[in-house]
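The values are calculated or read from the model by the stated rules, or taken from the named source; none is laboratory data. Because the structure is predicted, anything quoted here is derived from the model rather than measured. Here the Cβ is made from the backbone with ideal geometry for all residues, glycine too, and neighbour counts use every protein chain on show.
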Amino acid sequence: MKRAVTPGTFDPITYGHLDVITRAAQLMDEVVVAVAASPGKNPLFSLEERTELAREATAHLPNVRVEPFDGLLVDFAKAQGAHALVKGLRAVTDFEYEFQMAALNYELSRDLETVFIMSPPQYMYLSSSIVRELASLGSPVDRFVPEHVAVALARKFVD
Ligand code: COA
């Protein structure tokens with residue numbers, strides 16, 4: 001069984017993330033989307049909210065499940081019985097940071113391979129913070145996130 005983990009903060013999940021998850025699900029038998037607590041990032045959505053939004057966004061993918069996690073990614077991957085981390089690469093600017101994380105994770109766990117999937121051009125500029133900023137300014141975000149995420153964002157900025 002080829003099981004992979006696709007980690008992130010998913011604050012909130014975007015079509016860019018979904019593209020990576022969908023393509024990972026085509027390559028692997030099972031994909032676990034790992035939603036990191038990431039307290040240092042001060043997320044807009046709680047861990048429970050981010051997990052629920054990601055679950056709804058991936059409900060149509062039968063070999064994908066979504067789990068929240070706290071602590072080290074390599075420990076989570078090991079506990080899940082995963083042998084690969086799948087991450088999206090949007091542009092050269094992502095590379096150095098991803099290279100460092102992949103090298104560190106390899107150092108922490110030799111059994112875990114990091115695999116990168118290139119983002120298609122239409123998602124290269126996309127990030128959760130851009131989506132949060134657009135929503136906070138009242139701009140429509142339905143081109144960038146699924147409908148239930150757009151609704152959740154609108155609620156955050158109205159409340
Ligand atoms: N499409 C669209 N956006 C993408 C994307 C894609 N394919 N891939 C990444 N992004 C964006 C995210 O939306 C996010 O945007 P923002 O910062 O503007 O909001 C940004 O890229 C960073 O993504 P994030 O989800 O925060 O992931 P990360 O690459 O910073 O790593 C973890 C997050 C959870 C993988 C990492 O912090 C981790 O492993 N944490 C656990 C603790 C640990 O093990 N630490 C040691 C790791 S070496």
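Odds and ends about this structure:
- Here is the figure for segment 84-100: residues that are over 12 Å from residue 115 (Cα atoms) and surrounded by 11 or more Cβ atoms within 10 Å (Cβ to Cβ) total 3.
- Any hit, segment 16-30, residues being closer than 25 Å to residue 152 by Cβ, near the ligand (Cβ under 9 Å from one of its atoms) and of a type in the set (Lys, Arg): no
- Tally of residues being out of contact with any Lys or Arg (no Cβ under 8 Å at 6 or more places or on another chain) and of a type in the set (Val, Ile, Thr) across segment 63-115: 5
- Entirely in segment 1-120, the strands (runs of 3 or more DSSP E) that have 3 or more residues that are within 14 Å of the chain's Cα centre (by Cα) and touching a residue at least 60 places away in the same chain (Cβ under 8 Å): 3-8, 84-89
- One residue stands out among those in segment 67-83 that are surrounded by fewer than 16 Cβ atoms within 10 Å (Cβ to Cβ) and among the hydrophobic types (A, V, I, L, M, F, W, C): the one that is nearest to the ligand (Cβ to nearest atom), which is 72.
- In segment 106-125, the count of residues that are more than 10 Å from the ligand (Cβ to nearest atom), within 16 Å of residue 15 (Cβ to Cβ) and either in contact with a Leu (Cβ under 7 Å, 6 or more places away or on another chain) or among the β-branched types (Val, Ile, Thr) (or both) is zero.
- A single member of 64, 86 is touching a helix residue (DSSP H, G or I) at 6+ places or on another chain (Cβ under 7 Å), within 11 Å of the ligand (Cβ to nearest atom) and modelled with pLDDT of 95 or more, and it is 86.
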